[in-house]
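The next block holds one structure in the form of structure tokens; read it before the comments.
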Amino acid sequence: MTESAQAPMLPRQILTGKARLAGVLGWPVSHSRSPVLHNYWLSRYGIDGAYVPLPVHPDNFEQAVRGLQAAGFRGANVTIPHKEAAYALTDDLDHSAQRAGAVNTLVFQPDGRIRGISTDGDGFVDSMKAEGLFPHTHATERKRALLLGAGGAARSVAAALQDQGLDVAVTNRTVERAEKLADALPGLDVVSWAEWEAQLGMYDVLVNTTSLGMEGGPDPMFRPNLKRAAHHLVVADIVYVPRLTPLLAEAEQQGLKTLGGLGMLLHQARLGFREWFGQDPEVDADLEAYVRATF
Ligand SMILES: NC(=O)c1ccc[n+]([C@@H]2O[C@H](COP(=O)([O-])OP(=O)(O)OC[C@H]3O[C@@H](n4cnc5c(N)ncnc54)[C@H](OP(=O)(O)O)[C@@H]3O)[C@@H](O)[C@H]2O)c1
């Protein structure tokens, strides 16, 4: 809680008996910013609806999902530690969920089936595009991305970048995990954790998908050497607390373009909002400031 202030108040929406309902299932769930951003949009668009935090123990996950469905919810987001359980529970998996091996968005269909989507990777791509930082690919010259990390977020981001036509490589402290990721996503290269800084000149995009650099994480001061970067390298960090991670500060010092992680968080929420509440919500500076004020 460093950049904190109270989020400015928006008028609270009055709920009727026809209100549309959704929420986020997690254990714990109190850290989630999803209620803040969905309720901001509900208020901004004057929608008769609500989005609530749902603290659910892993033992009760399936029971809770079936209960929400029976109670008329439109669907839910799913966060740690339920993303794999949600993958196993869904009847229909979107392409994004199959590629990510996880589900973060559930949509309850009128016929009782549950659709599972993974919006993290597309949220990252959309946030790059919104800032005009996505590299243009040509048939003759494919662009290259290097991802630091091989966890759940890395898989979603790697799959989405591959789907956009980029050549993607990963490097991870634990090489076995990177190799497992390469098995799941054909075409993915694995680069040694000890050597990626020296090879940086080959890449157009660098993305930190580890928790390094995160406030309260394993190494908040993580500041790799970017001296070998090509001048056009875009450096992205999916960590969003702090806003300027040491990696991004180093990139700025080298004169490179940068992208912070909050945009991914905001953009990944849009698809669920559209499915549940019937409106395509906008990600803009007001929303970013509103959510940022809650950290
Ligand atoms: N912006 C967004 O919307 C968004 C969305 C999702 C996640 N995130 C953020 O992304 C980060 C990763 O999330 P995740 O779900 O992918 O976590 P995860 O599955 O637990 O993966 C963690 C990754 O961090 C690496 N790591 C952890 N400690 C390390 C250390 N001391 N040295 C080197 N590598 C280390 C791990 O490497 P090993 O395999 O070697 O342990 C692994 O690659 C978190 O900070 C999360 O908040 C942001």
**Complete:** Note on L148: of the conditions (1) farther than 20 Å from L256 by Cα; (2) within 9 Å of the ligand (Cβ to nearest atom), unmet is (1)
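Being of a type in the set (D, E, K, R) and part of a strand (DSSP E or B) is true for just one of R115, R142, R99. Which residue is that? Spell out the reasoning first.
Details: R142 fails: part of a strand (DSSP E or B); R99 fails: part of a strand (DSSP E or B).
Selected residue: R115, the only one of R115, R142, R99 that is of a type in the set (D, E, K, R) and part of a strand (DSSP E or B).
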**Selection count where residues are more than 13 Å from Q279 (Cβ to Cβ) and not in a loop (DSSP other than H, G, I, E, B), scope region 13-45** = 10
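Conditions tested, residue by residue: (1) outside the structural domain of A158 (by TED's automatic domain parsing); (2) modelled with pLDDT under 95; (3) within 17 Å of F134 (Cα to Cα); (4) within 16 Å of the ligand (Cβ to nearest atom).
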residue: D237; (1), (2), (3), (4): no, no, yes, yes
residue: L244; (1), (2), (3), (4): no, no, no, yes
residue: E252; (1), (2), (3), (4): no, no, no, no
residue: T258; (1), (2), (3), (4): no, no, yes, yes
residue: R274; (1), (2), (3), (4): yes, no, no, no
residue: G278; (1), (2), (3), (4): yes, no, no, no
residue: E282; (1), (2), (3), (4): yes, no, no, no
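The values are calculated or read from the model by the stated rules, or taken from the named source; none is laboratory data. Because the structure is a prediction, the values reported are computed rather than measured. Using ideal geometry, Cβ is built from the backbone for each residue, glycine included, and neighbour counts are taken over all protein chains shown.
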